[in-house]
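Enquirer: Dropping the structure in here first, questions after.
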Amino acid sequence: SVEVNGPTTIKVLVRLLMDPSMRGRIKFPLGVYEDGTLKNTYPLQTSASNVTIVLDHPEVIPSKGETFYIEVPHGRHRYNFDINGNDYDVLLRFFLPERDLDIESPN
């Protein structure tokens, strides 16, 4: 999950972690929950990357990155992500201005 202060936009990069038996394009839905309520389900599809690797796990083949955007309304919000019943594992990377992260100051 990620907590952010809106309004802002989150760019989400998704990589499916594939095994050698997975071939061709793989379709999978990714559910995005805002404050516990389903906001959207993104129907994604991807295939194995030819350039990205997982250093500590050479048996895992990361997919090509798929990108989507989440428009965050005003206020503080928590976002959770669910692969909706599939046994796939995914890597998520978030891009947003640091000022919009919900990080408490050490002061």
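The values are calculated or read from the model by the stated rules, or taken from the named source; none is laboratory data. Since we're looking at a predicted model, the values are computed, not measured. Cβ coordinates were reconstructed from backbone atoms using ideal geometry, including for glycine residues, and neighbour counts include every protein chain displayed. Side chains included, ligands, DNA and RNA excluded: accessible areas come from the protein's heavy atoms. Shrake-Rupley method; radii C 1.70, N 1.55, O 1.52, S 1.80 Å.
Enquirer: So how many residues does segment 1-29 have that are assigned to a strand (DSSP E or B), more than 14 Å from the chain's Cα centre (by Cα) and not polar (S, T, N, Q)?
Expert: 6
Enquirer: Something else now. Among residues belonging to segment 1-26 that are under 16 Å from residue 72 (Cα atoms), out of contact with any helix residue (DSSP H, G or I) (no Cβ under 7 Å at 6 or more places or on another chain) and among the polar types (S, T, N, Q), point out the one that is most open to solvent (accessible area, probe 1.4 Å).
Expert: If we take residues in segment 1-26 being under 16 Å from residue 72 (Cα atoms), out of contact with any helix residue (DSSP H, G or I) (no Cβ under 7 Å at 6 or more places or on another chain) and among the polar types (S, T, N, Q), then 1 is most open to solvent (accessible area, probe 1.4 Å).
Enquirer: Of all residues in segment 44-77 being among the polar types (S, T, N, Q) and touching a residue at least 40 places away in the same chain (Cβ under 8 Å), which is least open to solvent (accessible area, probe 1.4 Å)?
Expert: Taking segment 44-77 first, the residues among the polar types (S, T, N, Q) are 45-47, 49-50, 52, 63, 67.
Next, from what is left, pick out any that are touching a residue at least 40 places away in the same chain (Cβ under 8 Å): 63, 67.
Details: 63: 0, 67: 65 Å².
Restricting to residues being among the polar types (S, T, N, Q) and touching a residue at least 40 places away in the same chain (Cβ under 8 Å), the top hit is 63.
Enquirer: For segment 30-43, what are the residues that are in a strand (DSSP E or B) and loosely packed, with under 14 Cβ neighbours inside 10 Å?
Expert: Selection gives 37, 38, 40, 41, 43.
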